[in-house]
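These notes are about the structure you will find just below.
The values are calculated or read from the model by the stated rules, or taken from the named source; none is laboratory data. Quantities reported herein were computed from a predicted structural model and do not represent experimental measurements. No Cβ is skipped: glycine too gets one built from the backbone with ideal geometry, and neighbour counts run over all protein chains shown.
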Amino acid sequence: MNASDVKATLSFSDGSPSMDLPIYKGSIGPDVIDIRKLYGQTGKFTYDPGFLSTASCQSAITYIDGDKGELLYRGYPIEQLATGCDFLDTCYLLLYGELPNEQQQRDFHKLVNNHTMVNEQMQFFLRGFRRDAHPMAVMTGLVGGLSAFYHDSTDINNPKHREIAAIRLIAKMPTLVAMAYKYSIGQPYIYPKNDLSYAGNFMRMMFATPCEEYVPNDVLVRAMDRIFILHADHEQNASTSTVRLCGSSGTNPFAAIAAGVACLWGPAHGGANEACLNMLEEIQQMGGVEKIGDFIKQVKDKTSSVKLMGFGHRVYKNYDPRAKLMRETCHEVLSALGLENDPLFKLAMALEKIALEDEYFVSRKLYPNVDFYSGIVQRAIGIPVSLFTAIFALARTVGWIAQLNEMIADPEYKIGRPRQLFVGAERRDVPPLSAR
Ligand code: ACO
């Protein structure tokens, strides 16, 4: 890490000795104050629930400038990647740090394609679930289940093993998501077809049947690929930090990714796309565009606990660049399918316009995030609402595993072990039952 000439000095009003803290500079973004010796020297912890001011690691993968609304994967702007590369190029970039040349691209595609099948035993595992189980419950189980197949063969301290785990995960996630979907509707599983593109293969596994081949629509395949690129990584968000924390114990990487899937499920994180579409459908049922005013009133009422889903972000205090790209894709997909007048899309655009002009949202810098439009695109493609977050998990898997592998290769890595401010009972004796 690059030490700054400037140091921070921490002083205490009770006259305890002050302490100098080193400062490190990133290549871009805020500097960090190194507090690792704070407890040893002062006997005090820092307090930062929700990590509002805490960098939990150093990373060279993804950078977000929340004020500018900028997202870079390995330095490349998301807009350029979304228009000039495909998802597997993006995976290569996130894993290895550079975009592939032609040969590397061919080799990487072949490598991933060689791992798309899952062990046949996974089918029987899947059968243990109720058919109406939520796909994220199923995915948490299936991804965790993968660890059982690759436990003895995976030594996380071996970089080659970590790389193989990464390829297996990237290759198998579409197969698992499609299997979970097929199982939920009672259709036979469709095996992967390795001469298709990553997104095309996924869509075929989702929508083909043994009696009818799926003819991919290029616009829809491109849209799916773009959804994957936009969700591929997002630096130290809740699910990625979960994967890092879980993996920091040295656990099986497939188990650590299953922890990420579980975290992503929540409506404040990856579950927002599902929650956003449900919200739009509810407003539509209430009367649509005319009822936006009433809905916004509820959102602003702090006693209602209603949120405008797909709006707001911990880091972006400007338009999420992924939301802009997603809105563009939304237009393309709806016009390719002749759905330009889709009422939910019209409702979403009207809602966005009203919210962006409203003082409540303006003063809090609340803008649409990627999930505001991704649900409409996925619904138009034919993906059921409950599967949206599983598709997000599929795409984010590369980010999770790239971040996990980066952490394990980092010489500064330690098991994650936060401390606490204890506010419970002080030591006391257990009274006999008759005295309680
Ligand atoms: N609707 C209404 N009010 C909101 C929203 C929203 N979507 N988001 C934030 N606010 C308000 C908060 O109530 C708070 O108001 P206050 O200052 O009067 O108390 C203020 O804006 C700041 O918000 P916080 O909750 O402190 O912001 P935080 O960074 O903790 O939360 C989060 C970020 C969880 C994303 C939040 O904006 C949210 O719940 N959004 C809706 C869910 C969503 O779309 N999540 C997807 C995130 S992107 C992703 O994971 C892919």
*more than 16 Å from the ligand (Cβ to nearest atom) and of a type in the set (A, V, I, L, M, F, W, C): does that describe Ala275?*
no
*Pull up the range 315-332, narrow it to residues that are basic (Lys, Arg) and within 11 Å of Glu70 (Cα to Cα), then point me to the one that is modelled with the highest pLDDT.*
Arg322
*Please go through the range 119-136 and pick out each residue that is of a type outside the set (A, V, I, L, M, F, W, C) and either exposed (fewer than 14 other Cβ atoms within 10 Å of the Cβ) or over 17 Å from Ala390 (Cβ atoms) (or both).*
Asn119, Glu120, Gln121, Gln123, Arg127, Gly128, Arg130, Arg131, Asp132
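Matching residues to (1) buried (at least 22 other Cβ atoms within 10 Å of the Cβ); (2) closer than 21 Å to Ile156 by Cα; (3) among the hydroxyl-bearing types (Ser, Thr, Tyr):
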| residue | (1), (2), (3) |
| --- | --- |
| Thr240 | yes, yes, yes |
| Gly247 | yes, yes, no |
| Phe254 | yes, yes, no |
| Ile257 | yes, yes, no |
| Gly260 | yes, yes, no |
| Glu274 | yes, no, no |
*Among Thr140, Thr154, Thr175, which is the only one that is modelled with pLDDT under 95 and either crowded, with 16+ Cβ neighbours inside 10 Å or of a type outside the set (Gly, Ala, Ser) (or both)?*
Thr154
*Which residues, counting only those in the range 326-364, are in contact (Cβ under 8 Å) with a residue 60 or more places away in the chain and buried (at least 18 other Cβ atoms within 10 Å of the Cβ)?*
Met326, Thr329, Val333, Leu344, Leu347, Ala348, Leu351
*Is it the case that Cys57 is within 23 Å of Tyr413 (Cβ to Cβ), hydrophobic (A, V, I, L, M, F, W, C) and not in a loop (DSSP other than H, G, I, E, B)?*
no
*Could you check, for the range 249-259, whether at least one of its residues is in contact with a Pro (Cβ under 6 Å, 6 or more places away or on another chain) and not aromatic (Phe, Trp, Tyr)?*
no
*Only one of (1) in a helix (DSSP H, G or I); (2) in the same structural domain as Ile78 (by TED's automatic domain parsing); (3) more than 16 Å from the ligand (Cβ to nearest atom); (4) out of contact with any Lys or Arg (no Cβ under 9 Å at 6 or more places or on another chain) is not met by Lys291, so which one is it?*
(2)
*Please find, within the range 158-184, the residue that is nearest to Leu93 (Cα to Cα) out of those that are among the hydrophobic types (A, V, I, L, M, F, W, C) and free of Cβ contacts under 8 Å to residues at least 40 places away in the same chain.*
Ile164
*Please tell me if Asp233 is within 12 Å of the ligand (Cβ to nearest atom), surrounded by 15 or more Cβ atoms within 10 Å (Cβ to Cβ) and among the charged types (D, E, K, R).*
yes
_Output for the range 236-258, where each listed residue is within 16 Å of the ligand (Cβ to nearest atom) and assigned to a helix (DSSP H, G or I)_ = Ala238, Ser239, Thr240, Ser241, Thr242, Val243
*Somewhere in the range 116-135, is a residue in contact (Cβ under 8 Å) with a residue 60 or more places away in the chain, among the hydrophobic types (A, V, I, L, M, F, W, C) and assigned to a helix (DSSP H, G or I)?*
no
*Could you check, for the range 152-161, whether at least one of its residues is closer than 21 Å to Ala232 by Cα, of a type outside the set (S, T, N, Q) and part of a helix (DSSP H, G or I)?*
no
*All positions within the range 207-235 that are hydrophobic (A, V, I, L, M, F, W, C) and either in a helix (DSSP H, G or I) or within 14 Å of Val333 (Cβ to Cβ) (or both)*: Phe207, Val219, Leu220, Val221, Ala223, Met224, Ile227, Phe228, Ile229, Leu230
*For the range 35-54, does any single residue satisfy the condition of being without any contact (Cβ under 8 Å) to a residue 24 or more places away in the chain, part of a strand (DSSP E or B) and among the polar types (S, T, N, Q)?*
no
*Could you check Gly270 against (1) away from the ligand (no atom under 14 Å from the Cβ); (2) under 30 Å from Phe149 (Cα atoms) and say which number it fails?*
(1)
*For the range 300-325, which residues satisfy the criterion of being surrounded by 22 or more Cβ atoms within 10 Å (Cβ to Cβ), within 13 Å of the ligand (Cβ to nearest atom) and either of a type in the set (A, V, I, L, M, F, W, C) or in a helix (DSSP H, G or I) (or both)?*
Leu308, Met309, Phe311, Pro321, Arg322, Ala323
